[in-house]
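Data block below; observations after.
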Amino acid sequence: MKEDSKCFIKIENGIYEEITYKELEKRRKLINDYKQKKFIYIHGMLLEVSKKEYKDYYVEIERNRYSKRVLQKLQAVSIEELNTDEDMDDKQVIVDESNDLEFEVERKIEVEQLKEALRQLNSNENKLVKALFFERKTTREYAQIMGISHVAIIHQKERILKKLKKILKF
């Protein structure tokens with residue numbers, strides 16, 4: 001980071017002091033409290049945040065990285081990529097907006113089958129599925145809420161997914 005880059009140090013709730021990165025490094029060497037401070041990098045600047053904000057920010061970053069890796073494995077192509085394809089210089093992508101009735105019917109059947117499979121889960125299993133897949137909580141967050149180990153939640157999740165797979169006969 002450049003020595004003259006801006007850094008914002010939290011003085012009190014909602015009030016920040018603007019210093020340079022060079023000044024921050026000096027303070028880190030001289031003042032012990034500064035070694036413990038957490039910062040996030042935003043638009044070429046550092047912003048001091050709480051430990052929870054820092055953790056949440058990097059959990060989201062990791063979640064996005066994971067999603068990108070999954071999409072790369074699936075070789076997914078976005079509409080934006082299609083529209084900017086170099087081979088399509090003067091051509092436009094035409095989107096078929098007609099409804100595929102067969103696809104919609106199959107999708108509705110699959111959704112109904114999944115709903116029925118979820119109804120066969122017990123209360124604790126339903127809570128876990130709801131938290132992880134509908135509320136998008138991480139296994140660590142849910143483990144903390146339930147007061148049990150992260151590993152236990154992972155095992156429960158795997159067991160429930162196997163149970164659903166068996167019910168849905170995949």
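Find which of S149, N122, I109 sits farthest along the positive direction of the dipole of the range 101-168, computed with +1 on the beta-carbon of Lys and Arg, -1 on that of Asp and Glu, about the Cα centre.
It is S149.
Once the piece of chain linking K115 and L168 is laid out straight, how much longer is it, given 0.36 nm per residue of separation minus the C-alpha distance between them? Present the calculation step by step, with values, prior to reporting the outcome.
Numbers: separation 53, 0.36 × 53 = 19.08 nm, distance 1.05 nm.
Working it through step by step, the gained length comes to 18.0 nm.
What GluC sites (Glu not before Pro) does the range 97-170 have in DSSP loop regions with at most 12 other beta carbons within 10 Å?
On the way: sites: E97, E102, E104, E106, E110, E112, E116, E125, E135, E141, E158; in loops: E97, E135.
Here the GluC sites (Glu not before Pro) that fit, given the DSSP loop and packing criteria, are E97, E135.
Kindly list the residues of the range 17-53 that lie in the label zone of E3, defined by a backbone N under 15 Å from the point 7 Å along the Cα-to-C-beta vector.
Answer for this model: 20-27.
Give me a comma-separated list of calculated 3J(HN,Hα) values for the range 104-110, in order, Karplus coefficients 6.51, -1.76, 1.60 applied at θ = phi - 60°, integers in Hz, x for any Gly or Pro.
4, 5, 4, 4, 5, 5, 4
Using the Karplus equation 6.51 cos²θ - 1.76 cosθ + 1.60 (θ = phi - 60°), what ³J(HN,Hα) coupling, rounded to whole Hz, does each residue of the range 10-26 give in order, writing x for Gly and Pro?
Once θ is set to phi - 60°, the couplings for the range 10-26 become 6, 8, 8, 3, x, 10, 10, 9, 8, 9, 8, 4, 4, 5, 4, 4, 4 Hz.
Short version: what are the Cα gyration tensor semi-axes of the range 9-61, square root of 5 times each eigenvalue, largest first, in whole Å?
19, 12, 12
V49's amide H: which non-local residues (gap 5+, or another chain) put their own amide H closer than 5 Å, with H modeled 1.01 Å from N in plane and none for Pro or chain starts?
K38, F39, I40
Would you kindly derive the ³J(HN,Hα) couplings of the range 126-139 from the backbone phi angles with the Karplus curve 6.51 cos²θ - 1.76 cosθ + 1.60 (θ = phi - 60°), listing them in order in whole Hz, with x for Gly and Pro?
4, 4, 5, 4, 4, 5, 7, 9, 9, 8, 6, 6, 7, 5
Readers should treat all values here as calculations from the given coordinates under stated rules, not as data from a laboratory. The structure presented is a predicted model; accordingly, all values stated were derived computationally and were not measured. Quick reminder, even Gly has a Cβ in these numbers, built from the backbone with ideal geometry, and neighbours come from all protein chains shown.
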